[in-house]
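S.K.: Dropping the structure in here first, questions after.
No lab work stands behind these numbers, since they all come straight from the coordinates. Keep in mind it's a predicted model, so treat the numbers as computed, not measured. Backbone-built Cβ (ideal geometry, glycine too); neighbour counts: all protein chains shown.
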Amino acid sequence: LYRQSVEDTNNYSISGGVRVERAILNVDMTNIILQTTTHEPGEYTITIDFGDGTAEVLKTNETSINVTHTYNYSGTYLIRVIAEHDGAVATWFAVIVVTNRAPEVHVPDYVNATEGITLSVAAVVTDTEEDQNKTIIGWIVDGKPYVGAVLNYTYPDSGAYNITVIVRDDEGAIDIKNVTVYVEEREPRFASPDRFVADEGNPITLYIWIED
């Protein structure tokens, strides 16, 4: 919605335009450029309704001013700009689409582990302040899904493996990362008891266990 010129009751016009740049949620502030033509001398009162329940009132005698605003939630907003000067009033409208910022998940590129010993990998998510607690972290390990910020998993054998971590916000935006796991061989060790109790003269049986 855009109106180039609005006639007032004093038979002259306050004309101009409103240019609104596309915004990304809570990352880049929306830049609104206000310009007037056939500029009458004196002070102008500019009221900007950003469409999200907030507004700003400016007073200026410049022909061009920049206004910045940060939207905290994604969606489509109708901006209304009212210019007042010497009893004349002009109104412009513009529509802005604020897109949702996808969350980002941070994990190491690779980790080292040992077979038979539990491995722990933590994921950290960054998102807007409003969406920070609206994300879900999931893992895929050996084709099986797990949920949570920390993955605990035990590999039974040595080798190189891949872990996939996925973060999703409440609007369906996702980020996917992969972690390579290098699992080393675990040295075998004796697991037999190191002390036996028996009565003299009686035979004993010695069992030996080896862990690997």
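S.K.: Counting Lys and Arg as +1 and Asp and Glu as -1, each charge on the Cβ, what is the dipole of the range 43-92 about the Cα centre in debye, to the nearest 20?
M.R.: 140
S.K.: Roughly how many nanometres apart are two label points built 7 Å out from the Cα toward the Cβ at L78 and D157?
M.R.: Between L78 and D157, the label points sit 6.5 nm apart.
S.K.: Need one number: nm distance between label points at H106 and K59, each 7 Å from Cα along Cα→Cβ, rounded to one decimal.
M.R.: So the two model labels end up 4.5 nm from each other.
S.K.: While we're looking at this one, here's another question. How about K134: which lysines have a C-alpha closer than 20 Å to its C-alpha, ignoring those fewer than 8 places off in the same chain?
M.R.: Correct list for K134: K177.
S.K.: Right, next: Quick one: Debye curve from the alpha-carbon atoms of the range 45-174 only, equal weights, vacuum; give me log10 I(q)/I(0) at q = 0.19, 0.23 Å⁻¹ to two decimals.
M.R.: -1.04, -1.29
S.K.: At R0 = 30 Å, how high is the FRET efficiency between N178 and E129 if r is their beta carbon distance? Nearest 0.05 is fine.
M.R.: Details: r = 28 Å, r/R0 = 0.93.
Computed FRET efficiency for N178 and E129: 0.60.
S.K.: Something else now. Give, as a single signed number, the net charge of other residues whose beta carbon lies under 11 Å from the beta carbon of V107, with Lys and Arg counted +1 and Asp and Glu -1.
M.R.: Neighbourhood net charge equals -2.
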